[in-house]
Structures are given as C-alpha cells and as structure tokens.
Amino acid sequence: MTTEDALGTAVEAAHAAAAVLRRGFSCPDKGARAKAHAHDPVTVFDREAEAAILRILTSAYPEDAVLSEESDASAGRSGRRWIVDPLDGTNNFLAGIPHFAVSIALEDERGAILGCVYDPVRDEMFTAVRGGGAWLGDAQIRVSKRQSLDGAVVAIGFSHHPERRSRTHRRLPSLFSRVGVLRGLGSASLDHAYTAAARFDASWYESLSAWDIAAGALLVEEAGGRVSDLGGGPLVDPDSGVIASNGLFHDEFVHALAE
C-alpha cells in the first residue's frame with residue numbers, strides 16, 4: 001500500500017458518502033432517531049453514507065481495522081486503522097443547514113498517516129498526508145499568521161452533553177474581551193479544516209471522539225499549526241478536550257481558558 005493510493009481510496013470513499021448525503025439533504029424525512037442521548041441524532045443517511053465508505057475501504061484494504069461512528073469497531077491484522085465519521089454535523093443536516101462533512105483518516109502506530117475532510121455542499125476536499133502538507137483541492141494551505149489571541153477568529157464546539165456544554169459556558173467569559181469572533185458552526189471536522197486553511201485562527205472543544213478529530217488534527221498540524229489537550233499537552237484522549245490553533249498564540253489560548 002502506498003500512501004498516495006490510500007489517500008485516493010479515502011477521497012473516493014468520501015465522494016461516495018457525499019453523494020448519499022446530498023441526496024438525503026433534500027429529503028423531508030431523514031429517518032432520524034436518538035442514540036445514547038436525546039440531542040445526539042442519527043439518520044438513515046448517516047448509516048447509508050457509512051456503508052458506502054466501508055464498502056470501498058474494506059474492499060481495498062481488507063486487513064485494516066476500522067473505527068466508525070455508527071458501527072462496531074472491526075479488528076485488523078495490518079497495524080493500520082481507518083477512522084470514519086460519515087456525517088459530521090448531523091444536527092445541521094437535519095435542520096437544513098448546509099454545513100456538514102465527511103471525515104476519513106488512516107492511522108498506524110505513530111498516529112495519523114493521512115486524512116480527508118469533504119464538504120459535500122461546497123464541494124471542498126481538504127486532504128493531508130503525514131509529512132506532505134495540507135491541501136484544499138490542488139492548493140496547499142497554511143494556518144493563519146495571527147500573533148495573539150486578541151482579535152482572533154475562534155471556533156467553539158457546544159457538546160450535546162449538558163455537563164460538557166456547561167463547562168464550555170463557564171470558560172467563555174475569559175475569551176469575551178479578547179477574541180474578535182466566536183463561531184459555533186456545528187461540525188468539528190470542518191472547524192479544524194478551516195483552522196488549517198486560515199479561515200479560523202483556532203478552535204476549541206471540551207470533548208471530542210476520535211472520528212471527530214483524526215483527520216482534522218492532521219490537517220492542522222500539516223498546515224503548520226498545533227493541536228493539544230486543554231492543558232497544552234499532547235493530545236492523547238480527545239474526550240478530555242481539544243485545542244487547535246495556528247501555533248503562534250497556542251499557549252496564550254491555553255492560559256486564557258485556564259483562567
């Protein structure tokens with residue numbers, strides 16, 4: 001397996017899922033039901049998009065493990081694992097808000113090898129390869145050059161879990177007088193892709209799952225940024241919180257949230 005071939009497979013799978021989501025976006029009945037939490041929905045199109053992705057990935061790389069949001073994890077023998085979110089932004093999708101994405105990453109024992117985040121509505125494909133930079137289509141992207149948290153454009157995630165959402169609300173006052181713009185758009189993978197592309201200067205989530213961040217973190221890092229836990233340390237468990245930034249004011253952001 002070459003990295004280029006694997007990235008091509010990921011992109012193919014993302015396009016297949018996107019075709020399902022574009023069709024489902026205009027459907028009045030999306031077959032939504034709650035998962036473990038009342039405000040954490042899944043639709044029939046999440047599952048159909050996931051099935052389209054997994055057919056392509058498992059056909060091309062049957063010995064790789066897979067971790068996907070809507071399915072049980074599958075073990076592999078290759079030492080590699082695909083991490084899949086077939087629809088990141090389900091609440092937006094359900095509400096008719098055209099801001100959601102497909103996220104696919106491949107990792108080995110050293111971390112993420114490649115990642116892609118695809119916006120089906122805007123037809124924007126963000127990709128990254130470890131050591132190979134980050135890209136939007138055929139154009140290489142870089143994080144912003146903002147030197148300080150003052151005036152920054154910051155994306156925020158509001159969890160559907162009440163206690164996590166409360167933690168976010170408690171930290172917000174430390175940012176109000178400093179950042180320029182706060183945005184809660186409802187798709188973690190796109191928030192990180194936008195941070196990589198300098199549309200945002202930083203993003204902050206109190207808690208994420210592996211499929212929310214695997215591709216996006218690689219995008220940010222390969223675009224020259226930094227990703228950490230909320231204390232500024234290495235990101236080991238995204239469930240404990242994630243900060244991504246251009247790297248230039250990362251420590252300042254960590255300290256501001258700690259206040």
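Here, each number is a calculation from the coordinates, and none is a lab measurement. Model, not experiment: these values are computed from the prediction. We place every Cβ from the backbone using ideal geometry, glycine too, and count neighbours over all the protein chains shown.
Each of T9, T127, T3 was scored by other Cβ atoms within 10 Å of its Cβ. Listed from fewest to most, they are T3, T9, T127.
For the range 3-141, the share of DSSP beta bridges that are antiparallel, to the nearest 5, is 90%. Restricting the range 37-82 to trypsin sites (Lys or Arg not before Pro) that sit in a DSSP loop and have at most 15 other Cβ atoms within 10 Å of their own Cβ leaves R77.
Take every Cα pair under 8 Å in the chain that's 6+ residues apart, average their separations, divide by the length, and report that relative contact order as a whole percent. It rounds to 16 percent for the chain. Electrostatic tally near I56: other residues with Cβ closer than 13 Å to its Cβ, Lys and Arg +1, Asp and Glu -1, net -3. For the range 3-141, the relative contact order is 21 percent, taking Cα pairs closer than 8 Å that sit 6 or more residues apart in sequence and dividing their mean separation by the residue count.
Please report, ordered by residue number, every helix of the chain (full DSSP H runs) that is 15 Å or longer along its axis going by C-alpha atoms and whose mean Kyte-Doolittle hydropathy reaches -0.5. Intermediate results must be reported in sequence, preceding the final value.
Values: long enough: 3-25 (32 Å, 0.36); 44-60 (25 Å, 0.58); 210-222 (18 Å, 0.90).
Counting only whole DSSP H runs, the qualifying helices are 3-25, 44-60, 210-222.
Each of P41, S78, I213 was scored by the projection of its Cα onto the charge dipole of the chain, and the greatest displacement toward the positive side belongs to P41; charges sit on the C-beta of Lys, Arg, Asp and Glu.
The alpha carbon gyration tensor of the range 153-258 gives principal lengths a ≥ b ≥ c with a/c below 1.5, which makes the shape rounded. Identify which of the listed values of P(r) over Cα pairs in 5 Å bins from 0, in percent was calculated from the structure shown: [x] 1, 7, 15, 20, 22, 19, 11, 4, 0, 0; [y] 1, 6, 13, 16, 17, 14, 11, 8, 6, 4, 2, 1, 0, 0; [z] 1, 7, 14, 19, 19, 17, 13, 7, 3, 0, 0. It is the value labelled [z]. Contact order for the range 153-258, expressed relative to its length and based on alpha carbon pairs under 8 Å spaced 6+ residues apart, stands at 28 percent.
Other residues lying with their Cβ under 14 Å from the Cβ of H99 contribute a combined charge of -1, Lys and Arg counting +1, Asp and Glu -1.
Here each label is just a point 7 Å from Cα along the line to Cβ, and for E252 and R110 those points are 3.3 nm apart. Per-residue Cβ neighbour counts within 10 Å put D229, D85, D119 in the sequence D229, D119, D85, beginning with the fewest.
So what is the 222 nm mean residue ellipticity for the chain from helices alone, if each DSSP H run of at least 4 adds -39500 (n - 2.57) and you divide by all residues, rounding to the nearest 500 deg cm²/dmol? Intermediate results must be reported in sequence, preceding the final value.
Numbers: 8 runs with 91 residues, N = 259.
It comes out at -10500 deg cm²/dmol, rounded to the nearest 500.
Residue by residue, the range 146-152 carries 3J(HN,Hα) couplings of 4, 8, 9, 5, 4, x, 5 Hz when phi is fed to the Karplus relation 6.51 cos²θ - 1.76 cosθ + 1.60 (θ = phi - 60°); x denotes Gly or Pro.
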